[in-house]
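Colleague: A single structure is presented below for examination.
The values are calculated or read from the model by the stated rules, or taken from the named source; none is laboratory data. Here the structure is a predicted model, which means the values were calculated and not measured. Note that we place each Cβ from the backbone using ideal geometry, even for glycine, and neighbour counts take in every protein chain shown.
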Amino acid sequence: MKKVALIHDWLTGMRGGEKCLELLCGIFPQAEIFTLLHLPGKVSPEIEAHKIHTSYIQKLPGVARKYRYYLPLFPAAIENFDLSDFDLVVSSSHCVAKGVLPGVHARHICYCYTPMRYAWDMRHEYFPLKTMPFFKKITIPLMLSKLRTWDISANSRVDEFIAISEHVAKRIKRNYGRDASVIYPPVDSSFYTLSEQQEDFYLMVSALAPYKKVDLAIEAFNKLGFPLHIIGSGQDEKRLRKMAGDSIVFHGWLPDEQVLQYYQRCRAFIFPGEEDFGITPLEAMCCGKPVVAYKKGGATETVIGYRPGAQEFTGVFFEEQTVDALCQAVLYARKLDFSHVKIREHAVKFDNTQFVHAFKDRFKAYLT
């Protein structure tokens, strides 16, 4: 049996990337995990059953809540791991995981969620210079420039890129000049089950970060007056709560079982941001719920937008990130007769089994 190392940026919660890692752990049950930071109890037992190695980031002050402040230290920390004994290195990367230094004879395959958003395409959304103090206006662009230089250099350590979507594959090509195949992330259709229930409220499940465009949804639903439930938290939460009218309800993060109940009861799922892929629309569609989504990014690969005369559709797209465009899409979706069963049938095409089969086929030489 060949030795396998799984590299993941950090283990601080169970979001989409960690759910992919969980399945990779099942494919490689003897693999060891290397990560910048691990908060015990914050990821699944399947992940924590593996031997987990952490970097010196783990020991820095206040790291559990403020680890993102140590971003300039991440490249050196990820390079510090000794992987010389491993035959296969699989990095599960949205930040620096792909920058590990594999052994001389190891093969390194990167499952790439995105090139670093804050260093490349979305740096202005993460670091709006207009509102920054003068000192940060000088230091942050310099830090990001250095990070991009390292990122370009580090991608040469990857033998093969696998992207989570065609959208991300294009970004890998644009930023790194590398080709990438695509394996879509998985949705657990055995957990997110079909429901014919429909209450008259809308749902978002999202980190409360600027690029998620939760503020756009709040403005739209303030105008529409329809109930909007928002599950999630993040650095933008205080500002968003101040914006929200009486029809907006914030829940923070909830256990998966409670999130499932909201998926099953909502009228439709709202997805206003440009995402690299977006697993939450698929979770909603597995429950038979239509999606109102911005027509850009990964949503265009998972949601089938309604067109007059279409026999199969799972949602409605809006083409501009404006309040009026989102309002019109919500009102239009209210007039359509969606099939809960057909919506789920489409989403199941992205099931866990498809992900596992695709990776096992790719790695079959290392599974014997």
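Colleague: Which residues, counting only those in the range 156-175, are over 15 Å from Ile109 (Cα atoms), in contact (Cβ under 8 Å) with a residue 40 or more places away in the chain and not acidic (Asp, Glu)?
Modeller: Ser165, His167, Val168, Arg171, Asn175
Colleague: Can you give me the number of residues within the range 113-156 that are in a loop (DSSP other than H, G, I, E, B) and either modelled with pLDDT under 75 or farther than 23 Å from Phe277 by Cβ (or both)?
Modeller: Residues flagged as in a loop (DSSP other than H, G, I, E, B) and either modelled with pLDDT under 75 or farther than 23 Å from Phe277 by Cβ (or both) within the range 113-156 amount to 10.
Colleague: Pairs please, first residue from the range 213-229 and under 9 Å from Ser247 (Cα atoms) and not assigned by TED's automatic domain parsing to the domain that holds Glu319, second anywhere and charged (D, E, K, R) and assigned to a helix (DSSP H, G or I), Cβ atoms under 9 Å, 6+ apart in sequence or on different chains.
Modeller: Close Cβ pairs (under 9 Å, with a partner that is charged (D, E, K, R) and assigned to a helix (DSSP H, G or I)) do not exist here.
Colleague: Still on this model: Which one of Val303, Val316, Val341, Val291 is out of contact with any Leu (no Cβ under 6 Å at 6 or more places or on another chain), modelled with pLDDT of 95 or more and surrounded by fewer than 20 Cβ atoms within 10 Å (Cβ to Cβ)?
Modeller: The conditions single out Val341.
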